Amino acid sequence: MERRKILLGSGAALATVLAGCSSTETGDENPDDGDDGMDDDNGDDGYDDNGDDGNDGNDGDDGDDGDDDVPGFDDDMDSESDVMTVMEVDREDDRLYVVTQTETTDPEVLSQELETVAHDIADAVTDPDSFKAEISTVEWVLEYEGSHVLAVLVDVEWVVDYIKNELSEDEYIQKVLDAKEE
């Protein structure tokens, strides 16, 4: 019985190793024969007439593949709240979406937690000028068991003004509270 397990395990390991072999491997023992690997099927060297290899450095990244990095913003933000957890931070054009999940639907508790939302957004901004150049609105969405509970649309101007001490904490929080949509 043990011998069968060993043979099966060995067979699986061998299959894994063989599956890792690529059809592009030639088995040539001297890989440095002056060929840079740029030959294509036409026999030319892969470069166009002006010496360009056709690689624009983009590597197929057109910005629509989920790469949502926002300059001046910590995408791995956490909430300081005891009843809210950040689930997702996503960017679409000049709008940043922050989806959080809550453990309560008590309106009083959630209203109090909006102060935390205001601080969480400001704390996640690492470079106000870069952030403001890319994002105009932060939409903070709160969900409970998959259902939309409320949303807050925060103008990035408020966040930047607060960070630069051009807006007091009370004024900033009041603007965020007033932006609440249920």
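Give the residues of the stretch 149-181 that are surrounded by fewer than 17 Cβ atoms within 10 Å (Cβ to Cβ) and without any contact (Cβ under 8 Å) to a residue 12 or more places away in the chain, sorted by residue number.
Correct list: N165, E166, S168, E169, D170, E171, Q174, D178.
Are any residues in the stretch 91-113 surrounded by 14 or more Cβ atoms within 10 Å (Cβ to Cβ) and either of a type in the set (G, A, S) or outside any loop (DSSP other than H, G, I, E, B) (or both), and if so, which ones?
Matches in the stretch 91-113: R91, R95, L96, Y97, V98, V99, T100, Q101, T102, V109, L110, E113.
Filter the stretch 149-166 down to residues that are touching a Phe, Trp or Tyr at 6+ places or on another chain (Cβ under 8 Å), not hydroxyl-bearing (S, T, Y) and not in a strand (DSSP E or B), then give me how many there are.
5
Of the residues in the stretch 69-85, how many are surrounded by fewer than 18 Cβ atoms within 10 Å (Cβ to Cβ), under 13 Å from the mean Cα position of the chain (by Cα) and within 17 Å of H119 (Cβ to Cβ)?
3
Bear in mind that the values in this text are calculations on the coordinates, not laboratory data. In this text, all values refer to a predicted model and were calculated from it rather than measured experimentally. Cβ sites come from the backbone with ideal geometry, for glycine too, and all protein chains shown count toward neighbours.
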